[in-house]
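Notes to accompany the following structure.
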Amino acid sequence: MKTVSFMIPTFNERENIGPITKAIIEEVSTNLPDYDYEIVVFENWWTDGTRDVIRSLCAQNPKIKAVLNVTNFGQVNSPFHGICQTTGDCTISIVADFQEPVSLIPTLVHKWEEGHKVVLGVKSSSKENGFIYFLRTCYYKLIRNMSSVKMIEHFSGYGLYDKTFVQLMRELDDPIPFLRGIVAEYGEGFNMIEVEYEQEKRRSGKSSNNFYSLYDAAMLSFTSYTKVGLRLATLIGFVAGIISFIVAIVYLVLKLKYWNTFSAGYAPMTIGIFLLGSLQLFFIGFLGEYVLNINARVIHRPVVVEEERINF
């Protein structure tokens, strides 16, 4: 009997973790009766009592396992590490808030049995805030066009991964693994296929994502899979330099030709200083993002640090 592993990353999901594990078990029992299962709950610290609920679930069902972290390692590192801790023939990553449909699990497994070792859940639409969905669409298209790797639009990590792909993830030894980029880079070699779904609203609770966490993920994708920031700095700096040189020559010619009448004051110099200064500050900041990426890889800290394991 094959085993399907489910990895559920959690952070302050006290109201959702019980219902999502129950829904998964019922879905497997009803529509996948020939498969065994394990559920690995990956807990990213808590402030609402989520850990107490997880302990209770693990005590009631030995097939529910848990990894408890010493602190919150974020939405990038934790799901990646969680998938790597599963032991089934395939692993399905699914969030606890019901935005990713449990009802799609049989479809993912059937596609896997057809020979697709990576089966991705891709959002065709969403019931979340329309403006937020629009911004996500713009981001996906931007990173897709700028990256040397063919990024997958509206893919957030939900999907099925064969144990051979999970083993590849373990062997990468990447201290800041960007799952969406890794799947886009290597998935084609595993007969990858996409399955569309509509993203639901959160069942309860409030999303832990904020501007900083989303910005951090966006910068990780830019600095890990594109050279656009550095190339853009070079090109814009070159163009700005040419424009500044032309303005300087024109100003000098006019000054020499109309020595007694032409006077532009300090305006050209002031505009030039502020323009070039703002460009420098912007691209120094962008360069800093690349330096931070390099720094994290050189230090090579663990992806996460675990405090406790339950039912392993």
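By the beta-carbon count within 10 Å of each Cβ, the least crowded to most crowded order of Lys201, Lys65, fewest first, is Lys201, Lys65. Residues Met1, Met151, Met7, Met169, arranged from fewest to most other Cβ atoms within 10 angstrom of their Cβ, appear as Met1, Met169, Met151, Met7. Each Lys or Arg adds one and each Asp or Glu subtracts one; over the other residues with Cβ under 13 Å from the Cβ of Gly159, this totals 0.
Gly121 sits among other residues whose Cβ lies under 9 Å from its own Cβ, and their net charge, with Lys and Arg +1 and Asp and Glu -1, is -2. Give the separation of the Cα centroids, region 1-49 to region 61-97, in Å. Computed from Cα coordinates, the inter-centre distance equals 10 Å.
Here, each number is a calculation from the coordinates, and none is a lab measurement. Remember, it's a predicted structure, so these values are computed and weren't measured experimentally. So basically every Cβ, Gly included, is an ideal-geometry build from the backbone, and we count neighbours across all protein chains shown.
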